[in-house]
Amino acid sequence: MSNTKFLTRRRFLEITGAGLAALSGMSALSGCQPTGSSHETEGESAVVNTDGKNVVKVYNWTEYISDDVLKAFTKETGIEVVYSTFDSNEAMYAKLKLMNNRGDYDIIFPSTDFVDKMRKEGMLEQIDHSKLPNFKHLGKSFLDAGFDPENKFSIPYLWGSSGIAVNKNRVDIDTIRSWNDLWRPEFEGRVMLMNDMRDVFIIGLLVLGYPVMTEDPQHIKESYEVLSKMMPNVRTFNSDAPRMPFIEGETYLGMAWNGEVIMAQDQGMPELDFVYPKEGAIMWMDNMCIPKNAKNQDNAHAFIDFILRPENSAIISEEIGYGSPSEAAKALLPPDIANDQIIYPREELLSLATFRGDVSDSTMALYQKYWDRLKVDM
């Protein structure tokens, strides 16, 4: 399992999440790209002209697929993969918006909230499940979620979660079972939160028992009020490398991605562990979608189904370092990965997890107002 993959995928989500205004200054990214396919970097303005060729045009996160799987797909099907990359959901979304549903890409890999946003805006084609015999291998916990009921527009690809990281040398992990534990007075100045507005407010909503997708201003206000009471405990907000405050001894427990805990363990901190809170962890998942008016939709379905083959899903999961939503793929993984409860929690814990979906611009503005206040309260 490559540790750099955990950092690359999640760090890009945070450092590029400030909004579409940053796109104009975005530089081209070309490191670690597949070598067996045509490739266009994010910095290029035009899509490769492949008229008359048997191709599938894939637009994916940087460093987020196995080159061996791409080569095997082309060898088996004769379909050339034209592979392009992006480094944030915002960049991908903005580029497709500018293309105005021209269908220049056949497969994209948005996260859950952007699947929700793009399906509502008519930017995605419906998936023909009859062309995906390997769909059956996907676990039920990842299907029919609120961001895409019945998976009409998206197919799960890779996933991870945000829960509570705990330094077992400092805190009795058996006493940490709830997000509410972050408010305990004995943890004054020793709690870390990630610098992620939506996910932090979801913690407040979960402990209050409100829906995480609420757009009720009163719910959001109450979430701010309860989170403000936690601020004496909060030492830092960190999404750049959430493991580092633990490694450096600043924090004893707090919100973190499961992948960061794995990285910390691999980097010499085996005492850092991960708890899935009883209210539910916050899940993220990237998905395969077909953009509106894609020109090679049969090839797109063939590509998705090839990725869903258990042996291919397992290769991707092990190489990239995130959890596979495929039960059959998990069975093919090395035991030390497949049995790791941080990466693959028990089903009863997974069933409580929540996915983040899209909310209106006015709701995002309200979140931002309270988020700015929360930082002042620290």
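List of remarks:
- Exactly one residue out of 242, 270 is within 12 Å of residue 164 (Cα to Cα), out of contact with any Leu (no Cβ under 8 Å at 6 or more places or on another chain) and not hydrophobic (A, V, I, L, M, F, W, C), and it is 242.
- All conditions but one from (1) acidic (Asp, Glu); (2) open to solvent by less than 60 Å² (accessible area, probe 1.4 Å); (3) more than 28 Å from residue 360 (Cα to Cα); (4) at pLDDT 95 or above apply to residue 222; the one that does not is (3).
- When region 180-213 is filtered for residues that are open to solvent by 10 Å² or more (accessible area, probe 1.4 Å), in a helix (DSSP H, G or I) and of a type in the set (Phe, Trp, Tyr), the ones remaining, listed by number, are 183, 187.
- Within region 92-111, restricting attention to residues that are modelled with pLDDT of 95 or more and closer than 21 Å to residue 324 by Cβ, the residue that is nearest to the chain's Cα centre (by Cα) is 110.
- Pairs with Cβ under 9 Å, 6+ apart, first in region 92-112 and polar (S, T, N, Q), second open to solvent by 10 Å² or more (accessible area, probe 1.4 Å) and part of a helix (DSSP H, G or I): 111/13
- Restricting region 51-68 to residues that are of a type in the set (A, V, I, L, M) and crowded, with 21+ Cβ neighbours inside 10 Å, the residue that is nearest to residue 299 (Cα to Cα): 56
- Within region 145-179, if we keep just the residues that are assigned to a helix (DSSP H, G or I) and assigned by the TED database to the domain that holds residue 132, the residue that is most open to solvent (accessible area, probe 1.4 Å) turns out to be 150.
- Exactly one residue out of 114, 73 is assigned to a helix (DSSP H, G or I), at pLDDT below 95 and either more than 23 Å from residue 159 (Cβ to Cβ) or in contact with a helix residue (DSSP H, G or I) (Cβ under 7 Å, 6 or more places away or on another chain) (or both), and it is 114.
- Residue within region 83-91 that is open to solvent by 60 Å² or more (accessible area, probe 1.4 Å) and either acidic (Asp, Glu) or over 21 Å from residue 320 (Cα atoms) (or both) present: no
- Residue identified as under 30 Å from residue 214 (Cβ atoms) and of a type in the set (D, E, K, R) among 271, 347, 319: 347
The values are calculated or read from the model by the stated rules, or taken from the named source; none is laboratory data. Fair warning: this is a prediction, and the values are worked out from it, not measured in the lab. Cβ coordinates were reconstructed from backbone atoms using ideal geometry, including for glycine residues, and neighbour counts include every protein chain displayed. These area figures cover heavy atoms from the full protein model, side chains too; ligands, DNA and RNA do not enter into them. Shrake-Rupley method; radii C 1.70, N 1.55, O 1.52, S 1.80 Å.
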